[in-house]
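Data first, discussion second: the structure below is written as structure tokens.
The numbers here are math on the coordinates, done by the rules we state, and not lab data. Just so it is clear, the structure is predicted and the values come from calculations on it, not from any experiment. Here the Cβ positions follow ideal geometry from the backbone for every residue, glycine too, while neighbour counts run over all protein chains shown.
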Amino acid sequence: MVTPSIMMSSVDMGRHNEDLEASVNRLLIGKAYKDLSTIVVVPTRGMIPAHAVENWMGMMMPMNQKSARLFVQGMEVGDAYTKAVEMIMANPELSTWKYMLTLEEDNLPPPDGLLRLYENIDSYAAVGGLYWTKGEGGQPMIYGNPIGMLNFIPQVPVSDSIQECNGLGMGFTLFNLDIFRENKIEKPWFKTIQEYSYGVGTHAYTQDLWFFEKLRKAGYRVACDTRVKVGHLDPATGIVW
């Protein structure tokens, strides 16, 4: 109901204009004025849990920006990511886009997770949300102190920070596609290895750390945004770790 009132001509600059510096800073942090074109790449075995689908439907995408989803079904996860990037780089339209978000079928990001990852991506080749390996003894997927020799020892998360590291999981990670256009990293970009050589020993990599080792050796920086807390779903039990 409209409250009865008498109005006279007055100057009302609006709330956002009253503190223009704060309003401009908000725009700079959110980067909505920049190119945020993003391809969401989802490797899948073919059946994505309803819990995950419901979660993803609430994920906020940047307003008035280009976005697309690319599902890669039935491939080994390292091959899936490599083939997806090859397809993107070969496509006349997608090859000009700015970012790739990797999203895996058991990860549950917060609604504003992607918007937060954009805030710091300019300083890094990749920024990911914080999620943990499944189980009671779960470890944070923030690997390696970037100071000193290259390593992938799990780091202890620093609450609500941009935590630089050597590697991440790929369950909810934003990549600047320039790292593929600059051709500093040889193929295969993503590869899963589990092998033994006599006299040498075992050699084991998941596709994510295989790639991040190459990324760090090429001089790129990586970080985890621990503000972006991502659940890790166990579909068999329904537990979110």
*Mind running the shape call on segment 33-232? Use the C-alpha gyration tensor, a ≥ b ≥ c as the square roots of the eigenvalues: rounded below 1.5 for a/c, prolate if a/b tops b/c, oblate otherwise.*
rounded
*Dipole in debye (nearest 20) - segment 25-140, about Cα centre, beta carbon charges: Lys, Arg +1; Asp, Glu -1*: 380
_Show me the ranking of peptides 20-29, 93-102, 157-166 by mean Cβ neighbours inside 10 Å, starting with the highest._
93-102, 157-166, 20-29
*Given +1 on the Cβ of Lys and Arg, -1 on the Cβ of Asp and Glu, and no further charges, what dipole in debye does segment 33-232 carry about its Cα centre, rounded to the nearest 20?*
280
*Taking 7 Å along the Cα-to-C-beta vector as the label spot, tell me the residue 160-residue 217 distance in nanometres, rounded to one decimal.*
3.9
*Counting only the backbone N, which residues of segment 95-118 are under 11 Å from the spot 7 Å out from the Cα of residue 181 toward its beta-carbon?*
95-99
*Give me the lysines in straight-line cross-link reach of residue 217: C-alpha distance below 17 Å, same-chain residues under 8 apart excluded.*
184, 187, 191
*Could you pull out every one of the lysines with an alpha carbon less than 20 Å from that of residue 31, ignoring same-chain neighbours closer than 8 positions?*
66, 98
*Pairwise centroid distance, computed over Cα atoms, of segment 67-105 with segment 24-54, Å*: 13
_Computed helical MRE - 222 nm, the chain, DSSP H runs ≥ 4 contributing -39500 (n - 2.57), nearest 500_ = -7000 deg cm²/dmol
*Among rounded, prolate and oblate, which fits segment 65-176 when a ≥ b ≥ c are the square roots of the eigenvalues of its C-alpha gyration tensor, a/c under 1.5 means rounded, and a/b larger than b/c means prolate?*
prolate
*Please identify the helices of the chain, taking whole runs of DSSP H, that span at least 18 Å along their own axis as judged from the Cα atoms and have a mean Kyte-Doolittle score of 0.0 or higher.*
77-90
